[in-house]
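Q: One structure coming up, written as structure tokens, with questions to follow.
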Amino acid sequence: MCQFMTYKVKEQAIKKNSLSQRRDAPAGGEWRQRKEERWRGQGKAQAREVEEDESCEQHGKEAVPRGTCQTMCPARELQDREVQNRLHRFEMLAGTERVRRPRGDPLRAVKEYTRPAAGKDSTNPTDLRPPAVLLKTVCYLIDDIAASPHLHPWTEVYSFVFDRLRGVKQDMIIQRVSGLNCMAILERTVRFLIYASYRLCGEPLWLYDPRINDTHLQESLSWLLDCYATETGPHPNQEEFQALGLLYNLGSARATQHIMELSGRLRTSPAITLALSINRAFLERNPVRMLRLARRLNFIQGCALHRHLVTCRRDLLLIYSHGYCSRNCRFPLDRLAQLLSLDTSLAAQLCQAYGVDVNQGNQLVFSKAAFTEPGKGKLHCKMYHNIVAEKQRELSVGNIIHGCV
Amino acid sequence: MAHITINQYLQQVYDAIDNHDGSFCAELLSFKHPHVANPRLQLASPEEKCQQLLEPPYDEMVAAHLRCTYAVSNHDFVEAYKFQTLVAEQQLQKKGKGQPGEMLEKAAEQLMSCFRVCASDNRAGIEDSKKWGMMFLSNQLFKIYFKINKLHLCKPLIRAIDSSNLKNDYSPAQKVTYKYYVGRKAMFDSDFKPAEEFLSYAFHHCHGSSQKNKRMILIYLLPVKMLLGHMPTHQLLRKYDLMQFADVTKSVSEGNLLLLNEALSKHETFFIRCGIFLILEKLKIITYRNLFKKVYLLLRTHQLPLDAFLVSLKMMQLDDVDIDEVQCILANLIYMGHIKGYISHQHQKLVVSKQNPFPPLSSVS
């Protein structure tokens, strides 16, 4: 049975490869071309199916790889990286950081992410960590690295945790992990990435790339929401994450439709109701309402929303530039600052960035002709973070990411 | 290959399956293999023969493939592609595992490669060209993309058909289906004018007897028309059993926000299932505009106190709205072109133009 299945999978893989590459191929040489493809091995997209095949053949009945590595980093990798001097400074044995070849600390080393490659066997059980170990690894990464007050700069902390979380995700994919452990890991990953998107906002591109963060955040979020949909409950954190998903993807028709298709009970839960109202206000272009509602969000929700605050404030200045456009227009700066949830001097700076004139008496002169989009790099989102920052108060990073607020 | 008999061909297929020779078997079902030119294999009804020699599901697959070769030899390319895709879908259904969305995606991939073959057929003359299969395949692909919610994949198909010189010569049925999906896509992208064009075409050209199809088109055409200011009549709604829209229509034209919210929540499930709930929410802005126009007509002045608008909103039981929000809503209506005028913060008044302060909805994009 297994043998037949293997052949079927290979056949599919080959067919797919040859179909997609055969588009403009002449009628004659296909037979040879396909034979060569078979020898050369399948492409990246087929890597997972290949892994299934290999494990199927190697382990007989066992179709899915099951990890046995009980440490955060497989012994073999630790040794290899030690010899090749590829340890991260967070993984080095204390006291050996400055020697020519630092020693790895098995209690601090974490398996790194490596790209899958044809011919590379990533299914060796001794290299894979079982779900319980993966969860412990994630908790270590949060408590001892991300939340640590001693490790600086945080951009480096972020890079390390980001990469090692990716390694955890990879182990989960290979072992087809699902269930409580999977969701617990994904929940923490999503919170970490959302928090990072706020904390590292404005950092130079070579230290933090918001687009890469976004890609992984969306992937993890999607997987998590899939788990909620397919696994039997209860899911105590589902309300939180559905709301976070909508806030992060504010204004997206796809995200909104997804929320609308949730069960009535979920949709009427407080967090999701608030997120929906904010979403509605954003879509209706009612920034006054949106900012007012945003004050009710908690810290992590604020982090998820924060990148949309720029658009929200811009919208306000834009529609006011049109709505108040008259020669005798005088709009008090204080009032605007209140609406924007900023202090007066920051509000003035923001107005100037958008070409809105502030006169002697701290009055704004709105004009639709004067409104301009700020030049690239002129507007620093980070300067206007206070609406989110003030929600953080005494919260520790660890509590934020674990979700026990 | 070009001269073997049907029995020999089927024997080869059987041997290929038996020996797990996937690639050879694939060739025997492929259109690029010379066997398709063999007139002995071009049969209109090969099912019996196939059933004799092959086991299911291969008998169906091969039969479909042979009917395909027959269709091609008769230059009936639409039929041909129907059968060849059947072959592809059969293979995918066999797999059985995974989510239904996954299989649909794979089916879409196969259909897409068929589409590419059609689109790139530059060698044959216009009567024999595979390009005639393009619209049919696009329509199938649209159905899948809408089902799996990956609408962005529709764009290359639309572009390809638009740039083809055959686009007006396809059959009316195909064109109606095509315009229906393109209209829905435009709606999703908030391009309401083109959406109205496409969906209206589909509605008018849809055959009078297909009530169900006409109703489906109407479900999407109505919100678009309402956004452009054209309300449907009660007769129309009754004729097509779409009374869910009745209250929505009434509330929008009266500027009654309260009734609108009630109507939307009452039929929420229906609207969400059709995917139009979010578009109907956009009617709120039109409703604000209609409500505020009433205030203007009542006060009969060009300098309207902001308080008047606040009162009108409170009458709609919108209790958490304050004067700041009123100004914001008005500013947005001015920005969108629904009101011609400006707000004076010092005098707390909305000053509207003496000429046509509330331009007709159809003139505002």
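Q: Report, by chain and number, residues whose modeled amide H sits under 5 Å from the one on B:Lys349, excluding near sequence neighbours (fewer than 5 apart, same chain).
A: Amide H to amide H, under 5 Å and 5 or more residues apart or across chains, B:Lys349 pairs with B:Leu306, B:Ser344.
Q: Taking the dipole about the Cα centre of the protein assembly as shown, with the C-beta of Lys and Arg at +1 and of Asp and Glu at -1, give me whichever of B:Met336, A:Gln79, A:Gly104 is farthest to the positive side.
A: Comparing the listed Cα positions along the dipole, B:Met336 ranks first.
Q: Return the average number of partner chain Cβ atoms within 10 angstrom of each residue Cβ along peptide A:280-287.
A: Mean partner shielding for this stretch: 5.
Q: Using a simple spin-label model with points 7 Å from Cα along the Cα→Cβ vector, what separation in nm is obtained for B:Asn168 and B:His205?
A: Going by the 7 Å Cα→Cβ label model, 1.0 nm.
Q: A:Arg86 to A:Glu219: FRET efficiency via 1/(1 + (r/R0)^6), r the Cβ-Cβ distance, R0 22 Å, to the nearest 0.05?
A: So, using R0 = 22 Å, E works out to roughly 0.25.
Q: Quick check: net charge around B:Asn256, other residues with Cβ under 15 Å of its Cβ, Lys/Arg +1 and Asp/Glu -1?
A: In short, +4.
Q: Extending each Cα 7 Å along its Cβ direction at B:His302 and B:Ala246, get the distance between those two points in nm, one decimal.
A: Rounded to a tenth, the inter-label distance reads 4.3 nm.
Q: Something else: Shape of the protein assembly as shown from its Cα gyration tensor (a ≥ b ≥ c, root eigenvalues): rounded if a/c is under 1.5, otherwise prolate when a/b > b/c, or oblate?
A: oblate
Q: State whether region A:310-402 is rounded, prolate or oblate according to the following rule on the C-alpha gyration tensor (a ≥ b ≥ c being the square roots of its eigenvalues): a/c under 1.5 gives rounded; otherwise a/b larger than b/c gives prolate, and the remaining case gives oblate.
A: Since a/c reaches 1.5 and a/b is larger than b/c, the shape of region A:310-402 is classed as prolate.
Q: So between A:Thr68 and A:Arg100, what do we pick up on full extension, going 0.36 nm a residue minus the alpha carbon distance?
A: 8.3 nm
Q: Another question, then. Ordered by packing density, taken as the mean number of other Cβ atoms within 10 Å over each peptide's residues, highest first, how do A:395-402, B:284-291, A:356-363, B:5-12 rank?
A: Ranking the peptides A:395-402, B:284-291, A:356-363, B:5-12 by packing returns B:284-291, A:395-402, B:5-12, A:356-363.
Q: Could you tell me which of rounded, prolate or oblate describes region A:76-184, using a ≥ b ≥ c as the square roots of the eigenvalues of the alpha-carbon gyration tensor, with rounded for a/c under 1.5 and, failing that, prolate when a/b is larger than b/c and oblate otherwise?
A: Oblate, since a/c reaches 1.5 and b/c is not below a/b.
Q: Given a Förster distance of 30 Å, report the FRET efficiency between A:Arg296 and A:Thr232 from their Cβ-Cβ distance, rounded to the nearest 0.05.
A: Once rounded, the FRET efficiency stands at 0.40.
Q: Right, next: Extension gain B:Lys294-B:Asp322, at 0.36 nm per residue separation less the Cα-Cα distance, in nm?
A: Contour length minus the Cα-Cα distance gives 8.1 nm.
Q: Then there's this: Any chance you could check the Cα centroid distance between region B:202-220 and region A:231-290 for me, in angstrom?
A: Cα centroid to Cα centroid, the span is 34 Å.
Q: For region A:310-402, what is the accessible area per residue in Å² when the probe is 1.4 Å?
A: 49 Å²
Q: Averaged over peptide B:338-349, how many Cβ atoms belonging to another chain are found within 10 Å of each residue's Cβ?
A: Mean partner shielding for this stretch: 4.
Q: Looking at this model, which pairs from A:Lys368/B:Lys193; B:Lys130/B:Lys150; B:Lys167/B:Lys193; B:Lys314/B:Lys354; B:Lys250/B:Lys293 are more than 23 angstrom apart at the alpha-carbon?
A: Pairs exceeding 23 Å: A:Lys368/B:Lys193; B:Lys130/B:Lys150; B:Lys314/B:Lys354.
Q: Something else: Checking buried surface per residue: for region B:241-284, which residues lose a minimum of 10 Å² accessible area in the protein assembly relative to the chain alone (1.4 Å probe)?
A: Buried by the other chains: B:Glu268, B:Ile272, B:Gly275, B:Phe277, B:Leu278, B:Glu281, B:Lys284.
Q: Also, quick follow-up: Could you sort the peptides A:177-188, B:132-143 by per-residue average Cβ neighbour count (10 Å cutoff), highest mean leading?
A: Result, highest mean Cβ count within 10 Å first: B:132-143, A:177-188.
Q: Over the whole of A:315-322, what's the average partner chain Cβ count within 10 Å per residue? Rounded to a whole number, please.
A: Partner Cβ neighbours, averaged per residue: 5.
Q: Next question. Measuring from label point to label point, each 7 Å out along Cα→Cβ, what is the A:Ala118 to A:Ile173 span in nm?
A: Once both label points are built, they end up 1.8 nm from each other.
Q: If r is the Cβ-Cβ distance from A:Glu390 to A:Cys139 and R0 is 45 Å, what FRET efficiency results, to the nearest 0.05?
A: 0.95
Q: Here is a follow-up. By average Cβ neighbour count within 10 Å, what is the ranking of A:85-95, A:160-170 from highest down?
A: Most protected by this proxy first, the peptides run A:160-170, A:85-95.
Q: Another one. Could you tell me the distance between the Cα centroids of region A:153-218 and region B:326-365, to the nearest Å?
A: 46 Å
Q: Between A and B, buried accessible area summed over both sides at probe 1.4 Å, in Å² to the nearest 100?
A: Between A and B, the summed buried area is about 4300 Å².
The values are calculated or read from the model by the stated rules, or taken from the named source; none is laboratory data. Note that the structure is predicted; figures quoted are calculated from it, not measured. So basically every Cβ, Gly included, is an ideal-geometry build from the backbone, and we count neighbours across all protein chains shown. These area figures cover heavy atoms from the full protein model, side chains too; ligands, DNA and RNA do not enter into them. Shrake-Rupley method; radii C 1.70, N 1.55, O 1.52, S 1.80 Å.
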